[in-house]
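Here is the structure we will look at.
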Amino acid sequence: MRVHLSRPDITEKEIQEVCAVLRTPNLALGPKLTEFEQAFTKYTGRKHAVAVNSGTSGLFLCMLALGIGPGDEVITTPFTFIASATSIMMAGAKPVFVDIDPVTLNIDPEKIEERITDKTKAILPVEVFGSPAGFDTICHIAEKHNLLIIEDSCEALGSTLNGKKAGTFGKMSVFAFYPNKQITTGEGGIILTDDQDLADMCVSLRNQGRGKDTGWLGHVRLGYNYRLSDINCALGIVQLSRIDEIKAKRQQVAKWYQQILADDDRLIIPAEQPNCDTNWFVFVVRLAEQFDLEQRNNILTQLSDSGIGVSNYFPPVHLQPFIAEQLAHKEGNFPVTEQVAARTIALPFYNNLTKDAVNTVCTELKEILDKY
Ligand SMILES: Cc1ncc(COP(=O)(O)O)c(C=O)c1O
C-alpha cells in the first residue's frame, strides 16, 4: 500500500506505559483499569464508566443491564457497522430499522415515530462516521415516548453537538477502541452511564456474573468474561490524554480533503453539520447519483490496485444475508440507506496522514473518475 486506509498513532509514551504494566504483577483487574475508567468519567462528565473488551460487548451488556430481551424491539439504523444491530439480536430482541437522513447519514429522526410500537423499549442511534447530527431531536423523541437511548458512540469519541459530548446522550453509551478508532486500546470498549445500578450490573456481567461481595468463585448471575486487561488500559489512558491533539490532527486531515475535493461535482464530500464539532472516525466521500454500485466497486478496486487503502463503509445492515433472512428484509426496504451505501468510498484517514499523501489520494481518485 502506498497510503493505508487507517493507522494507529502510538507514541513512545504509550509504549513506556504498556511496558511499565508488564513490570508489575497487575495485568488484569488492576489499578490501570480503574485509572482508565476514571479518565473516561472525567473526560465525559458521566458518573460511571465500565471498561470491556470490545464495543460489541459493551452494547450487548447495555441490553442485558436494561433488561432488553426476547419480545422487545429496539429501533436503530441500517447504515452502521453490523454490531449496532447484532448486539440487539444477541440479547434476543429485534432490531427495527429506520432509514437515514441523506445529509447527516444518521437515523432520520422524522421517521422514528412511525416505527414505535408497544414492544419498542429503546432507540439505539449511532453517530455514523463520528457525526452527532440529529441527536438532540432523537433524545426529544425518546423522552416523549418514554424510550431508553442506548447510544452507540463507538465512532464518535471527541465529537460534540451544541457543545455536548458524544457519549453523553444515552441512558447508556458505548465507545470502541479497535485500532482504526480515534483512540485505541488494541481491542476494547467502554460503557458510560449516570446510573449506579446499571454500572454495577455491567461490572458483574463483564466479570462472570460475580457479585460485589461474593469473591472470586461466587457467581450471582449468568455472566461473561468481557474484561479489559490493564495492558490495554495503560495504552488507552495515554491515548485519551492525547484526545485534543488527536482531534486537531484528524480535523486537519479532513480539511485538506475538503479543500482539494470541494469543487468536484462527481463527489459528495462530508461536511460539518450545524452545531456539530466532529472528530471524524473515517472520511467517507460519496459518488454522485450518476454512478452505480458496480461502478463504485470498480473504482474501489482501481484505487486499491494503485496502492490506496479504501473501503465500502457501510453495506446496508438489513441486506446482510442472515439479517435479511431472519428479519425478512429485502432490497428497497430502506431506499436512502441503499442509495448512499452503493456510492460510498472511505478514503485513507488517520492522525498522521500527511498533506502529500492526501494529495496523492485525491489525484488518484480524480484520475480514475475521469475515465467515467
Ligand atoms: C458503530 C459501531 N458500533 C459498534 C462497533 C463495535 O466495536 P468493536 O469492534 O470494538 O466490537 C463499531 C466498531 O467498529 C462501530 O463502528
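The values are calculated or read from the model by the stated rules, or taken from the named source; none is laboratory data. The model shown is predicted, which means the values in this text are computed figures rather than measured ones. Cβ placement follows ideal geometry from the backbone for every residue including glycine, while neighbour counts extend to all protein chains displayed. These area figures cover heavy atoms from the full protein model, side chains too; ligands, DNA and RNA do not enter into them. Shrake-Rupley method; radii C 1.70, N 1.55, O 1.52, S 1.80 Å.
Quick grid of which residues meet (1) modelled with pLDDT of 95 or more; (2) open to solvent by less than 50 Å² (accessible area, probe 1.4 Å); (3) within 16 Å of the ligand (Cβ to nearest atom); (4) in contact with a Lys or Arg (Cβ under 9 Å, 6 or more places away or on another chain):
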site: V18; (1), (2), (3), (4): yes, yes, no, no
site: R23; (1), (2), (3), (4): yes, no, no, no
site: N26; (1), (2), (3), (4): yes, no, no, yes
site: G30; (1), (2), (3), (4): yes, yes, no, no
site: A39; (1), (2), (3), (4): yes, yes, no, no
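Could you please let me know if K111 is of a type outside the set (D, E), farther than 29 Å from D244 by Cα and touching a helix residue (DSSP H, G or I) at 6+ places or on another chain (Cβ under 8 Å)? Taking the combined requirement at face value, the residue does not satisfy it. Residues in the stretch 161-184 that are open to solvent by 20 Å² or more (accessible area, probe 1.4 Å) and in a strand (DSSP E or B): K164, K165.
Of the residues making up the stretch 265-318, those that are open to solvent by 60 Å² or more (accessible area, probe 1.4 Å) and either under 22 Å from V336 (Cα atoms) or within 16 Å of the ligand (Cβ to nearest atom) (or both) are D265, I268, E272, P274, E289, Q290, D292, L293, E294, N297, N298.
Applying the selection to the stretch 55-114, what residues are of a type in the set (S, T, N, Q), within 12 Å of the ligand (Cβ to nearest atom) and either open to solvent by 10 Å² or more (accessible area, probe 1.4 Å) or more than 30 Å from E272 (Cβ to Cβ) (or both)? Of everything in the stretch 55-114, those that are of a type in the set (S, T, N, Q), within 12 Å of the ligand (Cβ to nearest atom) and either open to solvent by 10 Å² or more (accessible area, probe 1.4 Å) or more than 30 Å from E272 (Cβ to Cβ) (or both) turn out to be T56, S57, T86.
Of the residues making up the stretch 149-160, those that are assigned to a strand (DSSP E or B) and not polar (S, T, N, Q) number 4. Checked against the criteria, V126 counts as free of Cβ contacts under 8 Å to residues at least 60 places away in the same chain, open to solvent by less than 30 Å² (accessible area, probe 1.4 Å) and touching a Cys at 6+ places or on another chain (Cβ under 8 Å). Residues of the stretch 246-297 that are assigned to a loop (DSSP other than H, G, I, E, B), within 24 Å of the chain's Cα centre (by Cα) and over 20 Å from K181 (Cα atoms): I269, Q273, P274, N275. Filtering the stretch 139-160 to residues that are more than 15 Å from the ligand (Cβ to nearest atom) and either touching a helix residue (DSSP H, G or I) at 6+ places or on another chain (Cβ under 9 Å) or open to solvent by less than 10 Å² (accessible area, probe 1.4 Å) (or both) leaves H140, I141, A142, K144, H145, L147, L148.
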